[in-house]
Amino acid sequence: MTLPTLGIDISKLKFDICLSREGGKFHHKVFPNSPADFSQLSTWLAKYKVERVHATHFGSHPGLQEQRDLLLSIPGIGATTAAKLLSEILP
């Protein structure tokens, strides 16, 4: 069984979520960045039976911020797609 991978990109006004599940299925969601919406995130994760989340901040992971910035420089690549791609390549 493969554990689901969760990519989260948090900005001042919103956070983009991408959940990768078995079989290559992806679930995307965008929440406003507020305490109430973090509660909605918890409910959303429970819906997909995600029990634990391990967080790595882009700024604290060597090279991750650079990779994210590079992806965002590509026309048509937004925060959700960048988070999805980076969640797939992280060890």
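All of the numbers you see were taken from the coordinates with simple rules; none came from a lab. These figures come from a predicted structure and were not determined experimentally. Every residue, glycine as well, gets a Cβ built from its backbone with ideal geometry; the counts of neighbours run over all protein chains shown.
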List the lysines whose alpha-carbon lies under 22 Å from that of Lys25, not counting same-chain residues fewer than 8 positions away?
Lys47, Lys49, Lys84
Describe numerically, in nm with one decimal, the distance between label points set 7 Å from Cα along Cα→Cβ at His28 and at Leu85.
1.3 nm
Using a Förster distance of 22 Å, how high is the FRET efficiency between Leu41 and Glu66, based on the Cβ-Cβ distance and rounded to 0.05?
0.25
Cα shape, the stretch 1-55, gyration tensor, a/c 1.5 rule:
prolate
